[in-house]
Amino acid sequence: MTSADILFVNGRVRPMAGAPSRAVAVREGRILALGDDEEMRDLAGPRTEVVDLAGRTLLPGFQDAHVHPVLAGLTMTRCDLHEARDAADALAAVRAYAAANPETRWISGGGWSMEWFPGGTPSRVALDEVVPDRPVYLTNRDGHGAWVNTEALRLCGVDDGTPDPADGRIEREPDGTPQGTLHEGAASLVGRHVPEPTDEDLLRGLQAGQRRLHQAGVTAWQDAMVGPEVQRAYEAAADASILTGRVVGALWWDRDRGEEQIPELLARRTTTGRFRATSVKIMQDGVAENHTAAMTSPYLDGCGCRTGNSGISFIGPEDLRAHITRLDAVGVQVHVHAVGDRAAREALDAFEAALKVNGRKGNRHHIAHLQVVHPDDVPRFAALEVTANIQPLWAAHEPQMDELTIPFLGDRRAAWQYPFGDLLRSGAALAAGSDWPVSSPDPFLGIHVAVNRMLPDGSGRPFLPAQRLPVAAALSAYTIGTARINHLDTRTGTIEPGKLADFIVTDADPFAVPPGDLGGITVLATYVEGRRVHTHPSF
């Protein structure tokens, strides 16, 4: 009889496919069997490791459908503001970083939140007070803007005569002087002068990001912004056998170029160990907070009146249809960033055009974020077999939503935000991710918000509670849903015999705790192919 390498016994096994059980046997990195404790102990041999779960829960490893771990890890090694609580805290962190790194010519990093500043726009003057003599460039938490000081603007030649780029906006003082906040494409006016990280920097960033994801129970992910440098980091990690996560790289579409880049992207499609560069990421619009998300009708101003601004479609709708049709024809999955309802519609129109020309190719395309979706477009996801890639942690009342978004959308359009429940009821396939470092990489925090439509701290009232997801649907989006878009669903995403032993041990059963406690569940251990890649001190 075949003996197991590892037995997990005396637990609650939630396979996400079939009935729960108490024990799991693993051999050669794959799940050998599930059953009760006695059945599994019959598979023990003289060298079998037995892990007593002591009533804890075993779940499939989480999979993040939209994340930036290399960027996150790189930020962790620079001027990292993600742990700051407000503007004063952020400025203190910048001052401390500059003092600790006197030889660093550029102070770069990020992680600030728009809600810390009036109108969501931090000033250069505040940065000048803590770093007056070196350029400072700090991206905000969602990556759609930058905070810079006067020295950075001076060094890069950005002044009152610099026009706004087509894909962004320079925030200005009354006399036209750049105020210190650069939105979307305007950030590159300074950002392109910041020294590029070395290959060694990126590899260290990847390793730091991977450790953090494993701590959160994430065993696989889709990196949503893979340029050539990031691709090299993944391939180097895979070659050195230090890439423990399963990764699909979404190759970055340069919106300043057209279809001439497609042959280059196709040439970069590779598989190296656990890394596969098989998707292409297209950013179709910006974000709602700075009014660059593409909407079907104009934003409102602070007085509730319609403006002339409906956001930015970074790629014209006709070009988007042509590009996606061509990528689909050659078997490339397309991963689209769409925050506004116009961007979502333009992406759906493009996938519909590809379907009419190419037929069903099975490429498992998906649209990420989906903050505002017109009700007429909700049923199209299932009809077109386009997965809704959701970031649940954002679907709650918090200052960025209540102060910087809802007043400028208006009540009718604000009610179309994050329609998770409607998408599920319409038959749409759901995958879930964090967009870390935009927000926490912890799936249990996202699951909490998906189920409760409230932040885990219990503050505020539920946000559009009709759009809540059942616990099973939220967990499925973070497991089998993401496994499906990553073409890993035959190998991972559920705990079934023959599948890879990628799973997590948690201190509580998400199907048994009160919904309000979901955000407090802790990942105690993370396994990839039966090898432990994270251990909590209490396990």
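The values are calculated or read from the model by the stated rules, or taken from the named source; none is laboratory data. Please read these numbers as outputs of a predicted model, since none were measured by experiment. Note that we place each Cβ from the backbone using ideal geometry, even for glycine, and neighbour counts take in every protein chain shown.
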Within segment 34-56, residues touching a Lys or Arg at 6+ places or on another chain (Cβ under 9 Å), more than 9 Å from ILE6 (Cα to Cα) and hydrophobic (A, V, I, L, M, F, W, C) come out as LEU34, MET40, LEU43, LEU53
Scanning segment 277-305 for residues that are over 26 Å from ASN363 (Cα atoms) and of a type in the set (Asp, Glu), the one surrounded by the fewest Cβ atoms within 10 Å (Cβ to Cβ) turns out to be ASP301
Residue pairs within 6 Å by beta carbon, gap of at least six or interchain, first lying in segment 338-358 and under 19 Å from THR296 (Cα atoms), second basic (Lys, Arg) and assigned to a helix (DSSP H, G or I), listed first then second, are LEU348/ARG380; ALA350/ARG321
When segment 107-140 is checked residue by residue, the ones that are free of Cβ contacts under 8 Å to residues at least 60 places away in the same chain, crowded, with 19+ Cβ neighbours inside 10 Å and of a type in the set (A, V, I, L, M) are ILE107, LEU127, VAL130, VAL131, VAL136, LEU138
Notebook entry, point to check: Within segment 81-88, is even one residue in a strand (DSSP E or B), touching a residue at least 12 places away in the same chain (Cβ under 8 Å), among the aliphatic types (A, V, I, L, M) and not assigned by TED's automatic domain parsing to the domain that holds LEU475?
Noted result: no
Across (1) surrounded by fewer than 24 Cβ atoms within 10 Å (Cβ to Cβ); (2) touching a Ser or Thr at 6+ places or on another chain (Cβ under 7 Å), THR104 clears everything bar (2)
Notebook entry, point to check: On the given criteria, is LEU213 in contact with a helix residue (DSSP H, G or I) (Cβ under 7 Å, 6 or more places away or on another chain), assigned to a loop (DSSP other than H, G, I, E, B) and modelled with pLDDT of 95 or more?
Noted result: no
Flagged pairs (Cβ under 6 angstrom, 6 or more apart or on separate chains; first in segment 320-333, in a loop (DSSP other than H, G, I, E, B); second hydrophobic (A, V, I, L, M, F, W, C)) are VAL332/VAL280
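Every residue, every condition in (1) among the aromatic types (Phe, Trp, Tyr); (2) modelled with pLDDT under 95; (3) surrounded by 19 or more Cβ atoms within 10 Å (Cβ to Cβ); (4) within 21 Å of the chain's Cα centre (by Cα), yes or no:
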residue: GLY460; (1), (2), (3), (4): no, yes, no, no
residue: ARG468; (1), (2), (3), (4): no, no, yes, yes
residue: ALA474; (1), (2), (3), (4): no, no, yes, yes
residue: GLU496; (1), (2), (3), (4): no, no, no, no
residue: GLY520; (1), (2), (3), (4): no, no, no, yes
residue: ALA525; (1), (2), (3), (4): no, no, yes, no
residue: THR535; (1), (2), (3), (4): no, no, no, no
Out of (1) more than 19 Å from the chain's Cα centre (by Cα); (2) under 27 Å from HIS68 (Cα atoms), the one ALA431 does not meet is (1)
Heads up, the strands (runs of 3 or more DSSP E) in segment 101-164 (entirely inside) with at least 2 residues that are at pLDDT 90 or above are 136-140, 145-148
Restricted to segment 52-67 and to residues being crowded, with 24+ Cβ neighbours inside 10 Å and not aliphatic (A, V, I, L, M), the residue farthest from GLY530 (Cα to Cα) is HIS66
Screening THR57, THR77 for residues that are over 25 Å from ASP489 (Cβ atoms), touching an Asp or Glu at 6+ places or on another chain (Cβ under 8 Å) and among the hydroxyl-bearing types (Ser, Thr, Tyr) leaves only THR77
For segment 13-48, the count of residues that are touching an Asp or Glu at 6+ places or on another chain (Cβ under 8 Å) and in a loop (DSSP other than H, G, I, E, B) equals 9
Of the residues in segment 8-32, those that are under 22 Å from ASP509 (Cα atoms), under 33 Å from the mean Cα position of the chain (by Cα) and among the aliphatic types (A, V, I, L, M) come to VAL13, MET16, ALA17, ALA19, ALA23, VAL24, ALA25, VAL26, ILE31
Over segment 49-61, the set of residues assigned to a loop (DSSP other than H, G, I, E, B) and either at pLDDT below 95 or among the charged types (D, E, K, R) (or both) is ARG56
Please verify whether segment 169-185 includes one or more residues that are free of Cβ contacts under 8 Å to residues at least 24 places away in the same chain, closer than 24 Å to ILE312 by Cα and among the hydrophobic types (A, V, I, L, M, F, W, C).
yes
